[in-house]
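See below for the structure under consideration.
Readers should treat all values here as calculations from the given coordinates under stated rules, not as data from a laboratory. For clarity, every value in this text was computed on a predicted model and none was experimentally measured.
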Amino acid sequence: MNQIPVVNIPVQSHSSLDTFMTCPRMYKAKYITKEVQFKPTMASRWGDHAHHHLEMYIVAKGAYTIPTEINPQTKENMRDYQWVGDALLERAHKKGGTLLAERKFGVGHAKQPNNYFDKTGWLRGKIDVTLLYDNVAEVTDFKTGRKKNDPDQVVMYSASALIDYPQVDVVKGGYIWLKEPPVTAIDKPMTFTRANLPDMWAPFDMKYSRLRHAYENDQFPPHKSGLCGWCDVESCGFQYVSPKKAASLAMEQGI
């Protein structure tokens, strides 16, 4: 009788699982061999700055000045994002709730609350804003890119609130798209109850099961997609520099 190989899989995030589902070879290069190192771009640096300043603004309850910082590519002004912080602080005040910025969560293999820094855990993540009031939690993630449909991250973050806060029976989760004007920036929230938890965890069980199979068999084949032109993995044979990426790299280098 063949024994099932025992492998140690590091704690996963929405981003790492998403990378694996997009291309197992890219996952291996980023998270196992580390042959590909994260290289910040102008867009990623802008996103980091936006998250930092909004976190500071919320923690200070508005007593923080978001700097005038202009995005050289999009011409957006960082200070224009202040309305988001004001709206969230006003909602927390109206609801008589507690507003948490950059809440870290961890989930164990038994779907129990876990320490974020536990490397043997199942999942973990950071939620930009969590508002707690009565038996309700509202989880919000800021996005600086273009609008796209990505419900899995909202589902994971909403499920974490249900297991972290036993008093919470209802979670409303969604994104705020900072590039959009206020009238279209806030997504209609997805609503979940505690009874939904098994279904909420199901897609991550599936992804993790496929990841475990890949680890056990050391099978991380490349998968060709429209993202190949932006990938830094050169050993798979699919990598190429798209015209769009070439233009972006040229702008980054000031060419």
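Would you kindly derive the ³J(HN,Hα) couplings of region 173-189 from the backbone phi angles with the Karplus curve 6.51 cos²θ - 1.76 cosθ + 1.60 (θ = phi - 60°), listing them in order in whole Hz, with x for Gly and Pro?
Once rounded to whole Hz, the list reads x, x, 10, 10, 8, 5, 6, 7, x, x, 5, 10, 6, 9, 5, 5, x.
So who's got an amide H within less than 5 Å of the one on residue 116, skipping anything under 5 residues away but keeping other chains? H placed 1.01 Å off N, in plane.
Amide H neighbours of residue 116, under 5 Å, 5+ apart: 106.
Given H placed on each backbone N at 1.01 Å, which residues far from residue 69 in sequence or on other chains put an amide H within less than 5 Å of it?
78, 79
Starting from the amide H of residue 125, placed 1.01 Å from N in the peptide plane, find each other amide H under 5 Å away whose residue is 5 or more places distant or on another chain.
105
Restricting to Cα pairs below 8 Å that are 6+ residues apart, what does the relative contact order work out to for the chain? Please round to a whole percent.
Dividing the mean separation by the residue count of the chain yields 19 percent.
Based on the alpha carbons, how large is the Rg to Rh ratio for region 1-78 when Rh follows Kirkwood?
Ratio of gyration radius to Kirkwood radius for region 1-78: 1.20.
Name the lysines eligible as straight-distance cross-link partners of residue 28: C-alpha to C-alpha under 24 Å, and not fewer than 8 places from it in the same chain.
Excluding near neighbours in sequence, the set is 39, 119, 126, 207, 224, 245.
What does the C-alpha gyration tensor say about the overall shape of region 118-193? Classify as rounded when a/c is under 1.5, otherwise prolate if a/b is larger than b/c, or oblate.
Here region 118-193 falls in the oblate category.
Report D for region 42-204 in µm² per second (integer): Stokes-Einstein, Kirkwood Rh on Cα pairs, 10 °C, 1.306 mPa s.
96 µm²/s
Find the centroid of the Cα atoms in region 72-95 and in region 158-181, then give the distance between the two in whole Å.
Between the Cα centres of region 72-95 and region 158-181 lies a distance of 18 Å.
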